[in-house]
Amino acid sequence: MTDTLVVIQAAAAELSKSDLSAAGFGSQAASAAGGAYDILLLGPMASSLSSTAAGLGARTVFTMSSGELEAYTAEAYASAVEAFLEGRSWRLVAAATSSSTKEYFPRLAALLDVPMASDVLKVESSDSQRVVFTRAVFVGNLLATVELEAPRALVTCRASEFEPPAAAAEPSAIHEVEAPSELAHPGKSFVGIEAASSDRPDLKEADIIVSVGRGTRGLEEGIPLCEKLADTLGAALGATRAVVDAGWMANEFQIGQTGKIVAPEVYIAIGLSGSIQHLAGMRNSKTIVAINTDPEAPIFDVADFGLVADLFDAVPELTAALEKRGG
Ligand SMILES: Cc1cc2nc3c(=O)[nH]c(=O)nc-3n(C[C@H](O)[C@H](O)[C@H](O)COP(=O)(O)OP(=O)(O)OC[C@H]3O[C@@H](n4cnc5c(N)ncnc54)[C@H](O)[C@@H]3O)c2cc1C
């Protein structure tokens with residue numbers, strides 16, 4: 001048994017970057033073990049996403065949806081995957097690290113009584129009895145090697161570390177699977193969700209992020225300048241915890257250890273120092289640009305391009321230059 005199953009929550013109209021990275025993990029894990037990988041799409045959009053997922057090089061794309069999977073609850077999703085796995089044999093069951101999988105994968109591990117590694121960065125080796133992963137610990141300052149010794153194991157992978165698989169020459173087979181009639185979630189039911197809407201790209205999906213720190217001095221001063229730069233570039237906005245704690249931007253914008261982990265093509269850090277907790281959420285960005293008045297600011301240690309300048313001069317100048325070039 002050397003195969004890998006990648007579980008994808010099918011709730012949106014398109015597969016996200018994280019979903020594609022999870023497929024990349026599946027493909028990598030399967031080749032490390034000499035097996036194949038399959039995808040399970042779980043949720044209301046499972047059928048409509050199946051043809052896209054079938055182009056990702058998996059052997060089979062399974063789809064499962066039901067009324068109880070319409071809205072996410074950890075209990076229903078864990079029970080659905082548990083039921084799906086009954087009588088089927090995959091060496092690894094994997095998903096991208098997300099707020100949902102942080103919640104339901106440990107439940108699933110408990111239901112199946114199998115070991116689990118979370119937020120994995122790399123598959124070191126895998127055979128039918130033992131799988132070895134690298135994962136980051138202590139805010140990314142140390143790398144731990146984790147060995148799981150069991151015929152089946154669960155894993156969540158950090159999406160920013162895995163490239164999507166190469167496009168497949170042949171589409172995968174697609175199988176619709178019936179959801180179990182009752183997905184246990186005693187005493188808990190989904191009531192509603194309030195989602196913020198924005199014209200800017202989602203932080204996790206954006207190719208460019210303009211991230212703002214305390215140096216912007218807030219909503220009345222530097223943040224509007226950075227928003228203008230973000231809009232000129234078609235970028236998402238991010239923030240440090242200092243900005244969120246000051247109430248200048250909402251929680252969902254926070255990047256870092258206790259915020260989101262991102263790895264865009266370009267990360268523009270403005271008026272932020274580059275604390276260890278902030279770096280934990282963005283240090284894997286492909287190109288990092290930093291604007292800061294302090295040449296000793298730690299953000300310059302990870303920046304590919306650094307500008308020692310006052311953001312109140314540099315940001316409008318940069319925006320104007322970009323506008324001249326048409327974005
Ligand atoms: C358990 C824990 C978890 C945490 N999690 C997170 C997290 O997830 N994300 C996070 O971001 N932080 C997190 N923090 C907080 C973190 O330690 C820092 O306090 C925070 O990142 C600092 O934010 P900042 O860089 O905006 O502010 P500062 O560190 O105050 O930096 C402001 C920067 O702006 C520069 N500046 C000032 N004026 C200008 C100007 N005119 N032009 C250009 N530059 C200027 C300054 O030189 C300075 O470098 C966490 C802390 C703890 C203890």
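Considering only the range 283-298, state which residues are near the ligand (Cβ under 10 Å from one of its atoms), surrounded by fewer than 23 Cβ atoms within 10 Å (Cβ to Cβ) and not aliphatic (A, V, I, L, M).
THR293, ASP294, PRO295, GLU296, PRO298
Looking at ILE223, is it within 14 Å of the ligand (Cβ to nearest atom), within 22 Å of ASN141 (Cβ to Cβ) and under 27 Å from the mean Cα position of the chain (by Cα)?
no
Give just the number: which of (1) farther than 29 Å from SER16 by Cα; (2) free of Cβ contacts under 8 Å to residues at least 40 places away in the same chain does VAL289 not satisfy?
Condition (1) is where VAL289 drops out.
Looking at the range 299-327 only, could you name the residues that are near the ligand (Cβ under 8 Å from one of its atoms) and either surrounded by 18 or more Cβ atoms within 10 Å (Cβ to Cβ) or assigned to a loop (DSSP other than H, G, I, E, B) (or both)?
Matches in the range 299-327: ILE299, ALA309, ASP310, LEU311, ALA314.
Where the second residue is more than 11 Å from the ligand (Cβ to nearest atom) and part of a loop (DSSP other than H, G, I, E, B) and the first is in contact (Cβ under 8 Å) with a residue 12 or more places away in the chain and assigned by TED's automatic domain parsing to the domain that holds ASN284 and lies in the range 295-312, which pairs have Cβ atoms under 6 Å and are six or more apart or on separate chains?
Going by the 6 Å Cβ cut-off, the qualifying pairs are VAL302/ARG283.
Looking at this structure, is ARG214 under 19 Å from TYR267 (Cβ atoms), more than 16 Å from the ligand (Cβ to nearest atom) and not assigned by TED's automatic domain parsing to the domain that holds MET116?
no
Inspect all residues belonging to the range 134-142 and state whether any of them is among the hydrophobic types (A, V, I, L, M, F, W, C), within 16 Å of the ligand (Cβ to nearest atom), in the same structural domain as ALA53 (by TED's automatic domain parsing) and not in a strand (DSSP E or B).
Yes - at least one qualifying residue is present in the range 134-142.
Cβ contacts < 7 Å: first residue of a type in the set (S, T, N, Q), restricted to the range 249-260; second residue more than 8 Å from the ligand (Cβ to nearest atom) and part of a strand (DSSP E or B), any location; separation 6+ or different chain. Result?
GLN254/LYS260
Conditions: (1) within 12 Å of the ligand (Cβ to nearest atom); (2) at pLDDT 95 or above; (3) within 25 Å of ALA320 (Cα to Cα). ARG241 meets all but one. Number of the miss?
Going through (1) within 12 Å of the ligand (Cβ to nearest atom); (2) at pLDDT 95 or above; (3) within 25 Å of ALA320 (Cα to Cα) one by one, ARG241 breaks only (3).
Only residues that are assigned to a strand (DSSP E or B) and near the ligand (Cβ under 8 Å from one of its atoms): list them for the range 257-282, please.
Within the range 257-282, ILE270 is the sole residue that qualifies.
Can you name every residue in the range 23-47 that is at pLDDT 95 or above, of a type in the set (A, V, I, L, M, F, W, C) and either over 19 Å from SER160 (Cβ atoms) or in contact with a helix residue (DSSP H, G or I) (Cβ under 7 Å, 6 or more places away or on another chain) (or both)?
ILE39, LEU40, LEU41, LEU42, MET45, ALA46
Can you give me the number of residues within the range 246-256 that are in contact with a helix residue (DSSP H, G or I) (Cβ under 9 Å, 6 or more places away or on another chain), in a loop (DSSP other than H, G, I, E, B) and surrounded by fewer than 18 Cβ atoms within 10 Å (Cβ to Cβ)?
Counting residues in the range 246-256 that are in contact with a helix residue (DSSP H, G or I) (Cβ under 9 Å, 6 or more places away or on another chain), in a loop (DSSP other than H, G, I, E, B) and surrounded by fewer than 18 Cβ atoms within 10 Å (Cβ to Cβ) gives 2.
Would you confirm whether or not the range 47-57 contains a residue that is under 27 Å from LYS188 (Cβ atoms) and not in a strand (DSSP E or B)?
Within the range 47-57, one or more residues are under 27 Å from LYS188 (Cβ atoms) and not in a strand (DSSP E or B).
Scanning for something surrounded by 18 or more Cβ atoms within 10 Å (Cβ to Cβ) and of a type in the set (Ser, Thr, Tyr), does the range 228-242 turn up at least one residue?
Yes - at least one qualifying residue is present in the range 228-242.
May I ask you to list pairs of residues, at least six apart or on different chains, whose Cβ atoms are under 6 Å apart, with the first in the range 117-144 being closer than 15 Å to THR97 by Cα and the second being assigned to a loop (DSSP other than H, G, I, E, B) and of a type in the set (Val, Ile, Thr)?
Within 6 Å, the pairs are ASP119/THR97.
Consider GLU68 carefully, then state whether it is acidic (Asp, Glu), at pLDDT below 90 and farther than 23 Å from ARG135 by Cα.
yes
Hey, among SER181, SER197, SER160, which residue is out of contact with any Lys or Arg (no Cβ under 6 Å at 6 or more places or on another chain), farther than 18 Å from THR73 by Cα and away from the ligand (no atom under 16 Å from the Cβ)?
The conditions single out SER197.
The values are calculated or read from the model by the stated rules, or taken from the named source; none is laboratory data. From a predicted model like this one, the values you see are computed outputs, not experimental measurements. Methodologically, a virtual Cβ is constructed for each residue, glycine included, from the backbone with ideal geometry; neighbour enumeration extends over all protein chains shown.
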